[in-house]
């Protein structure tokens, strides 16, 4: 079953269970996927689905930081719950060790000499890690490795 079909079934289940938070999050994702499909004329597939869910999680993480700064624990808790719902639709996240192995392979292949090679390394690892790890964290790890050259 692809993720789009799973989303449809989960929306129906959330309606039956009267789970308003889950229903609203899933409907938001469905709307974002349809918008992405229409605006960019991209085919509805699992890759697009994962991209959209990743963006939704990123937006909520940014909101979460702002809510914490403003000491709005009620909104922060709601946002955390939304993030947990969204994470159910991402592939299993890679461990720190698996990420390190992929980064090491990319560094061995590209043999960077300075931080100017950041783009080449990101281009190499993005297809392998997208949706399976936080790309902001990946970017920070690469920067760290490049500064230690």
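Across the stretch 102-123, the number of residues qualifying as crowded, with 16+ Cβ neighbours inside 10 Å and under 23 Å from residue 53 (Cβ atoms) comes to 1.
Can you find even one residue in the stretch 105-112 that is farther than 22 Å from residue 46 by Cα, assigned to a helix (DSSP H, G or I) and in the same structural domain as residue 11 (by TED's automatic domain parsing)? There is no residue in the stretch 105-112 that is farther than 22 Å from residue 46 by Cα, assigned to a helix (DSSP H, G or I) and in the same structural domain as residue 11 (by TED's automatic domain parsing).
The set of residues from the stretch 136-149 being free of Cβ contacts under 8 Å to residues at least 60 places away in the same chain and either buried (at least 17 other Cβ atoms within 10 Å of the Cβ) or part of a helix (DSSP H, G or I) (or both) comprises 137, 138, 139, 140, 141, 142, 143, 144, 145, 146, 147.
Quick check, is residue 92 closer than 30 Å to residue 2 by Cβ, within 15 Å of the chain's Cα centre (by Cα) and at pLDDT below 90? Answer is yes for this residue.
The helices (runs of 4 or more DSSP H) falling completely within the stretch 1-86 that include 1 or more residues that are closer than 27 Å to residue 138 by Cα, without any contact (Cβ under 8 Å) to a residue 12 or more places away in the chain and out of contact with any helix residue (DSSP H, G or I) (no Cβ under 7 Å at 6 or more places or on another chain) map to 20-40, 46-69.
The values are calculated or read from the model by the stated rules, or taken from the named source; none is laboratory data. Since this is a predicted model, take the numbers as computed values, not measurements. Note that we place each Cβ from the backbone using ideal geometry, even for glycine, and neighbour counts take in every protein chain shown.
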